[in-house]
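See below for the structure under consideration.
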Amino acid sequence: MDKLVVGIWGAFFGTVALMLAASLVAFARSLHRVALTAALSALMSGVFAAAYLGALPVVRPQAEARWLAHVAAVCSTALGLMLLAMLGLMRDELQARRIRRVAAGLATGVLALGWLLDPFHALALSSLWSCGVGAAGLLLCLRGALRGDPLGWLAVAGVSFMLLAVVGLSWIALDRQGVPWPVHAASALAGMAYLATIATAMWARYSYLIELREVLAHGPNYDPVTRLRSHAETAGPMVGAAFFRHEGERRPVGVIAVSIGNLYALENLHGRAAANHALFVCASRLRRCVPAQVEMGRLGDDGFLLLMRNASDTEALLSLARQVGARLLRPVALTTGQQPRQLDNAGMQWVAEVGVGVLQALPMMRPSTAVSMARAMSRTAWTYPSRIAWFDRVTEQIAELPAP
């Protein structure tokens, strides 16, 4: 292959690696079903493409063709089953077991019939089976789209790209030397488009699992606006769990309270939808910058509370407070409409009047006192240029957090 073809397929395998990395992130966040589906889709696609491009460590052409026939049958069957799962056709366990048995039986029959043929004809048969799996998946996606499935047309586009990539790779495998570079380019681009559309469809299909996990974990104490713990859950169980490891055991806790001073004015001027949008964006920014070991929840109607357990490192606590303040002080493009077509239209630029209070609560301090003190300091921080207030242990008074 020339350099252009190598570069095109390198971009494809880079997309496969990116999808695998995203699946690891999803797995780390306990989204095991999403991670497994995404990882298997990317892995099977990468193995299928690598095998058809001649990356298998086989010397003899006939042995390579025989192995390619097996790879094609197995990978295409697995991708077809994952597509059915994504379309929701395998929710019933009995039906799913029946579909898996039929698919495994057909794939085994294709492999068995291939052993009755010479290796190159077996490869052609398995390639035909792969194209048939893609065509069947396309028909199922098209039926779902015509019935009103919101992700139907996206799935149709993804499976169409997959079918185009399979046809191109089959041509490459059956005629190594005579394939022009546009076939390589079309196959690689179709494979990248397939991975992108399938990843988008899977995220849209399974994103409810994130919300469901939070609802199951916190029940009625889950705040749907910010997707965090509600005020009752934050001020009660979350604070208690942070200050008490075991019965009677206390430890220093880092307390960061965030107060937004102009949220009430925003609601009065532009309505509840704009205020909810502002809270949603602020909470999303907090989730992206706060480490996983820091507990976070909503505090009152206009604030958030962050708790760092065993906060013996003062510099880490102050660094987190500076990062939180910097993130929340960025402008927010708000919408004042509630219709779906209006959600992407930035109606105005709004900057939160953020105040951050930082406190390293000592073991002898009561949890309620620590939270109240941190919240009071966050309101005091509205008057500081840095918008961050902390309790200086040297002077024993509330002061502005100095610059790093």
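List of remarks:
- Test: residue in the stretch 98-116 that is open to solvent by 50 Å² or more (accessible area, probe 1.4 Å), at pLDDT 75 or above and not in a helix (DSSP H, G or I): yes
Table: residues versus (1) open to solvent by less than 40 Å² (accessible area, probe 1.4 Å); (2) modelled with pLDDT of 85 or more; (3) under 22 Å from Ala186 (Cα atoms).
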position: Ser127; (1), (2), (3): yes, no, yes
position: Cys131; (1), (2), (3): yes, yes, yes
position: Gly137; (1), (2), (3): yes, no, yes
position: Arg143; (1), (2), (3): no, no, no
position: Arg147; (1), (2), (3): no, no, no
position: Leu151; (1), (2), (3): yes, no, no
position: Leu154; (1), (2), (3): no, no, yes
position: Met162; (1), (2), (3): yes, no, yes
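- Considering residues of the stretch 257-275 that are more than 21 Å from Ala235 (Cα to Cα) and within 29 Å of the chain's Cα centre (by Cα) only, the residue surrounded by the fewest Cβ atoms within 10 Å (Cβ to Cβ): Arg272
- Of all residues in the stretch 165-186, those satisfying the criterion of being buried (at least 16 other Cβ atoms within 10 Å of the Cβ) and in contact (Cβ under 8 Å) with a residue 24 or more places away in the chain are Ala165, Val166, Val167, Leu169, Ser170, Ile172, Ala173, Leu174, His184, Ala185.
- A single member of Leu4, Leu83 is assigned to a helix (DSSP H, G or I), at pLDDT below 80 and open to solvent by 30 Å² or more (accessible area, probe 1.4 Å), and it is Leu4.
- Cross-chain or 6+ apart pairs with Cβ under 9 Å, the stretch 272-301 first and among the hydroxyl-bearing types (Ser, Thr, Tyr), then open to solvent by 40 Å² or more (accessible area, probe 1.4 Å): Ser284/Arg227
- The number of residues in the stretch 185-213 that are modelled with pLDDT under 80 and not aliphatic (A, V, I, L, M) comes to 7.
- Total residues in the stretch 347-366, condition outside any strand (DSSP E or B) and either hydroxyl-bearing (Ser, Thr, Tyr) or open to solvent by 10 Å² or more (accessible area, probe 1.4 Å) (or both): 8
The values are calculated or read from the model by the stated rules, or taken from the named source; none is laboratory data. Here the structure is a predicted model, which means the values were calculated and not measured. Quick reminder, even Gly has a Cβ in these numbers, built from the backbone with ideal geometry, and neighbours come from all protein chains shown. Side chains are part of the model used for accessible areas, which takes the heavy atoms of the whole protein and leaves out ligands, DNA and RNA. Shrake-Rupley method; radii C 1.70, N 1.55, O 1.52, S 1.80 Å.
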